[in-house]
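Worksheet: one structure, shown below.
The values are calculated or read from the model by the stated rules, or taken from the named source; none is laboratory data. Nothing here was measured: the structure is a model prediction, and the numbers come from that model. So basically every Cβ, Gly included, is an ideal-geometry build from the backbone, and we count neighbours across all protein chains shown.
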Amino acid sequence: MTENLIIYFSRNGENYFKGELKNIEKGNTQVIAEYIKNECDADIFKVEEVNTYPYDYEECTAIARKEQKQNLRPEIKQTLTDISQYETIFIGFPNWWGTLPMPMWTQLEELDFTGKTIKPFVTHEGSGFGSSLNDLKKLCNGGKIKKGLSISGSEVYESETKVKLWVHE
């Protein structure tokens, strides 16, 4: 049994990279989650929405914005219900409109973070964590949030060493 768990949301398809749209086969946050898993013995849980976001970046961001403005909790394919056996929870997501994608809210609100160490990581293209650290404090009530890791999506494949160092901080 491992002491570490990675909970993350990631999206492939059309993504924004330094001013232009590019297709990616693996979501940026998933790349970072895999680096973490390779660095420390960790179980991994990917949050996946039932109604898949569109491939098109503009369509996806419009839906994400609507979900956020309406404070929706999109249905997810599988819900993690018990994290009691873990000490450290890595929580990863892309910054969507300044915070976590709403499927992460759906998942995180179901969990008891009392006494857990939370290590957040975010991928973005210039906005860092936005207000997501404040939102995580609410979502992970009872957990101790440690220093987060912020990585530009266009730099994920050059960030493995940075991730390794952060995991052990």
**Fill in**
Exactly one of Lys26, Lys37 is of a type outside the set (Phe, Trp, Tyr), more than 20 Å from Trp97 (Cβ to Cβ), in a loop (DSSP other than H, G, I, E, B) and touching a residue at least 12 places away in the same chain (Cβ under 8 Å), and that one is Lys26
**Request:** Could you list all residues from region 45-84 that are within 15 Å of Asn12 (Cβ to Cβ), aromatic (Phe, Trp, Tyr) and at pLDDT 95 or above?
**Result:** Tyr53
**Fill in**
Given (1) out of contact with any Lys or Arg (no Cβ under 7 Å at 6 or more places or on another chain); (2) without any contact (Cβ under 8 Å) to a residue 60 or more places away in the chain; (3) buried (at least 17 other Cβ atoms within 10 Å of the Cβ); (4) not in a loop (DSSP other than H, G, I, E, B), Ile118 misses just (1)
**Filtered residues of region 126-153 (kept if within 14 Å of the chain's Cα centre (by Cα), surrounded by 14 or more Cβ atoms within 10 Å (Cβ to Cβ) and outside any strand (DSSP E or B))** = Gly128, Phe129, Gly130, Ser132, Leu133, Asp135, Leu136, Leu139, Cys140, Gly148, Gly153
**Prompt:** Just one of Trp97, Trp105 is more than 12 Å from the chain's Cα centre (by Cα), among the hydrophobic types (A, V, I, L, M, F, W, C) and within 22 Å of Tyr57 (Cβ to Cβ); which is it?
**Reply:** Trp97
**Message:** What's the number of the only condition in (1) in a helix (DSSP H, G or I); (2) more than 27 Å from Ala64 (Cα to Cα); (3) touching a Ser or Thr at 6+ places or on another chain (Cβ under 8 Å) that Lys164 fails to meet?
**Reply:** (3)
**Prompt:** Looking at region 26-47, which of its residues are within 23 Å of Pro74 (Cβ to Cβ) and exposed (fewer than 14 other Cβ atoms within 10 Å of the Cβ)?
**Reply:** Lys26
**Complete:** When region 154-169 is checked residue by residue, the ones that are surrounded by fewer than 18 Cβ atoms within 10 Å (Cβ to Cβ) and not hydroxyl-bearing (Ser, Thr, Tyr) are Glu155, Glu158, Glu160, Lys162, Lys164, Leu165, His168, Glu169
**Request:** Return only the number of the condition from (1) surrounded by 12 or more Cβ atoms within 10 Å (Cβ to Cβ); (2) touching a helix residue (DSSP H, G or I) at 6+ places or on another chain (Cβ under 9 Å) that Asn71 does not satisfy.
**Result:** (1)
